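The values are calculated or read from the model by the stated rules, or taken from the named source; none is laboratory data. This one's a predicted model, so the numbers in the text were calculated from it and none came from an experiment. As a convention, Cβ positions derive from the backbone with ideal geometry for all residues, glycine included, and neighbour counts pool all protein chains shown. Only protein heavy atoms, including side chains, enter the accessible area calculation; ligands, DNA and RNA are left aside. Shrake-Rupley method; radii C 1.70, N 1.55, O 1.52, S 1.80 Å.
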Amino acid sequence: MKSCQILMPALLSPGVIAALEDRFTLHRLWEQVDPDRFLQDHGAAIRGMAASSRAGQIGGELYDRLPALEIVANFGVGYDTVDVDAAAARGIIVTNTPGVLDEEVADLTLGLLLATVRRIPQADRHVREGRWPAGSFPLSPTLRGRTIGILGLGSIGKAIARRLDGFGVKIAYHGRSRQALVGYDYHPTPEALAEACDVLVAIVPGGTETRHLVDAAVLAALGPQGILINVARGSVVDQAALVAALQSGTILAAGLDVFEDEPHVPQTLLDLPGVVVLPHVGSASTHTRAAMGQLVVDNLVAWFDTGRPVTPVNAPPVRTR
Ligand code: NDP
């Protein structure tokens, strides 16, 4: 048995498992008949964790059962399922996988945006269901002349904006602060951004701070030609308010990669003709998921070899124990 023990609460890819097993003793919690008993017997020896959102919330209760835990390496740039404050309070470092997925998520966002505006899935269904001979597909809305508001102009938001620059549309953004080197119009609130644009792309982190950042008031400000694209987290949008806004014509359409209670998508949303849905696939290509997995491995190896994780999200940046 290799001396350093790592816990994987939920399945990650075979590549990640193989790379970790090469270097560490890896415990697969989801395969344990009695996970509770396993933690009782082995928790004290666990020094690292390879986590993902599949594992559900990771926080104080689990940390308490892993007193030697030094690092949680999260698979994903969003770490809203990891309690970073509780980790920091125990001196546990948390890492994520930023950068390696920006272009992939931005590509998907543009695909979802175009699919929603030009009703591409609906047009596909028109052909498949044999309705074309009986009549042309109805004219769609357009991207022409629209202003796109980016809610969260971070790494992925900027990759989305770079693509949109080539589409000849106006871009505006909102974040908690104006960015000095960014030339797009800044709006100090989500509502002001929605007022100024007619396509709103949400790409902020999830978690309590951004919960329902897009609410009924923001949707009303987006207006009757308004289109919401959510590639952030389901929690960022008040889903009940969104359904109501679509049903009443307060906004026109929505393209959604994320939902409040994944993998459950309410039938009320699916029944709406202007809604395009995806099963949370923003980063889900073979190439990018492999790069994310490698970064999980690199963070664990770097921490235990050098005490300097590659992409930490919290202090301390240097190993202290
Ligand atoms: P970054 O940290 O680079 O950017 C986040 C942006 O959000 C920043 O511009 C920040 O600006 C803004 N922001 C943060 N908090 C708030 C707030 N409370 N109100 C308004 N704006 C806020 O992150 P990434 O671009 O790398 O990733 C963003 C998110 O995208 C991830 O956290 C994840 O949830 C989601 N994602 C979704 C994927 C999918 O599959 N659909 C795949 C990958 C990521 P400021 O600091 O000025 O407020």
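With respect to ARG178, is the statement that it is of a type in the set (Lys, Arg) and more than 10 Å from the ligand (Cβ to nearest atom) true?
Working: of a type in the set (Lys, Arg): yes; more than 10 Å from the ligand (Cβ to nearest atom): no.
No: the conditions fail for ARG178.
Restricting the search to region 58-82, which residues are in a loop (DSSP other than H, G, I, E, B) and more than 15 Å from the ligand (Cβ to nearest atom)?
To start, the set of residues in region 58-82 that are in a loop (DSSP other than H, G, I, E, B) comprises 59, 65-70, 76-81.
Residues satisfying the conditions are GLY59, ARG65, LEU66, PRO67, ALA68, LEU69, GLU70.
Looking for whichever is on the phi < 0 side of the Ramachandran plot and at pLDDT below 95 here; the options are ALA68, ALA50, ALA55, ALA44. Which one fits? If you could, list the steps in order and put the result at the bottom.
Details: ALA68 fails: at pLDDT below 95; ALA50 fails: at pLDDT below 95; ALA44 fails: at pLDDT below 95.
None of the others qualify; the one that does is ALA55.
If I filter region 107-116 for residues that are farther than 15 Å from PRO312 by Cβ, touching a Pro at 6+ places or on another chain (Cβ under 9 Å), away from the ligand (no atom under 14 Å from the Cβ) and not in a helix (DSSP H, G or I), do I get at least one hit?
no
Restricting the first residue to region 138-153 and requiring it to be at positive phi, which pairs with a second residue that is open to solvent by 30 Å² or more (accessible area, probe 1.4 Å) and within 15 Å of the ligand (Cβ to nearest atom) meet a Cβ separation below 8 Å and a spacing of at least six or different chains?
GLY152/PRO205
Say we look at region 39-57 and pick out the residues that are surrounded by fewer than 16 Cβ atoms within 10 Å (Cβ to Cβ) and among the charged types (D, E, K, R); which of these is nearest to the chain's Cα centre (by Cα)?
Once the filter is applied, the top-ranked residue is ARG54.
Can you name every residue in region 150-169 that is in contact with a strand residue (DSSP E or B) (Cβ under 9 Å, 6 or more places away or on another chain), over 10 Å from VAL204 (Cβ atoms) and not charged (D, E, K, R)? Please lay out each step first, then the result.
So in region 150-169, the residues in contact with a strand residue (DSSP E or B) (Cβ under 9 Å, 6 or more places away or on another chain) come out as 150-153, 157-158, 160-161, 164-165, 167, 169.
Those still in the list that are over 10 Å from VAL204 (Cβ atoms) too: 158, 160-161, 164-165, 167, 169.
Matches in region 150-169: ILE160, ALA161, LEU164, PHE167, VAL169.
Mind checking which residues of region 276-316 are more than 14 Å from VAL77 (Cα to Cα), touching a Leu at 6+ places or on another chain (Cβ under 7 Å), touching a residue at least 60 places away in the same chain (Cβ under 8 Å) and within 16 Å of the ligand (Cβ to nearest atom)?
VAL276, LEU278
Quick check: anything in region 97-117 under 24 Å from SER283 (Cα atoms) and more than 20 Å from the chain's Cα centre (by Cα)?
At the first step, the residues of region 97-117 found to be under 24 Å from SER283 (Cα atoms) are 97-117.
Narrowing further to those that are more than 20 Å from the chain's Cα centre (by Cα): 117.
The answer is yes, given that some residue of region 97-117 is under 24 Å from SER283 (Cα atoms) and more than 20 Å from the chain's Cα centre (by Cα).
What number of residues within region 156-215 are open to solvent by 60 Å² or more (accessible area, probe 1.4 Å) and under 16 Å from the mean Cα position of the chain (by Cα)?
Counting residues in region 156-215 that are open to solvent by 60 Å² or more (accessible area, probe 1.4 Å) and under 16 Å from the mean Cα position of the chain (by Cα) gives 5.
If you take the residues of region 250-265 that are away from the ligand (no atom under 16 Å from the Cβ) and open to solvent by 40 Å² or more (accessible area, probe 1.4 Å), which of them is farthest from LEU113 (Cα to Cα)? Please lay out each step first, then the result.
Taking region 250-265 and keeping what is away from the ligand (no atom under 16 Å from the Cβ), we get 250-253, 264.
Checking which are open to solvent by 40 Å² or more (accessible area, probe 1.4 Å) leaves us with 250, 252, 264.
Details: THR250: 19, LEU252: 13, HIS264: 22 Å.
The qualifying residue farthest from LEU113 (Cα to Cα) is HIS264.
As an exercise: evaluate ASP215 against (1) without any contact (Cβ under 8 Å) to a residue 24 or more places away in the chain; (2) within 14 Å of the ligand (Cβ to nearest atom) and give the number of the one condition it does not meet.
(1)
Filter region 9-25 down to the residues that are under 24 Å from ARG308 (Cα atoms), open to solvent by less than 60 Å² (accessible area, probe 1.4 Å) and touching a residue at least 24 places away in the same chain (Cβ under 8 Å) and list them by number.
If the condition is that a residue be under 24 Å from ARG308 (Cα atoms), open to solvent by less than 60 Å² (accessible area, probe 1.4 Å) and touching a residue at least 24 places away in the same chain (Cβ under 8 Å), then PRO9, LEU12, GLY15, VAL16, ALA19, LEU20, PHE24, THR25 are the ones that fit.
Quick one: how many residues across region 250-272 are assigned to a loop (DSSP other than H, G, I, E, B) and touching a Leu at 6+ places or on another chain (Cβ under 9 Å)? Can you show your working first?
At the first step, the residues of region 250-272 found to be assigned to a loop (DSSP other than H, G, I, E, B) are 250-252, 257-260, 262-263, 265-266, 271-272.
With touching a Leu at 6+ places or on another chain (Cβ under 9 Å) added as a condition, the list becomes 250-252, 257-259, 265, 272.
Of the residues in region 250-272, 8 are assigned to a loop (DSSP other than H, G, I, E, B) and touching a Leu at 6+ places or on another chain (Cβ under 9 Å).
Mind checking which pairs have a first residue in region 76-90 that is aliphatic (A, V, I, L, M) and a second that is within 7 Å of the ligand (Cβ to nearest atom) and open to solvent by less than 20 Å² (accessible area, probe 1.4 Å), Cβ under 7 Å, 6 or more apart or different chains?
What qualifies is VAL77/LEU101.
Might you let me know whether region 290-309 holds any residue that is more than 19 Å from GLN122 (Cβ to Cβ), assigned to a loop (DSSP other than H, G, I, E, B) and touching a helix residue (DSSP H, G or I) at 6+ places or on another chain (Cβ under 8 Å)?
The first filter runs over region 290-309 and keeps only residues more than 19 Å from GLN122 (Cβ to Cβ), leaving 290-309.
In the following step, the residues that additionally are assigned to a loop (DSSP other than H, G, I, E, B) were identified as 307-309.
If we keep only those that are touching a helix residue (DSSP H, G or I) at 6+ places or on another chain (Cβ under 8 Å) too, we end up with 308-309.
There is at least one residue in region 290-309 that is more than 19 Å from GLN122 (Cβ to Cβ), assigned to a loop (DSSP other than H, G, I, E, B) and touching a helix residue (DSSP H, G or I) at 6+ places or on another chain (Cβ under 8 Å).
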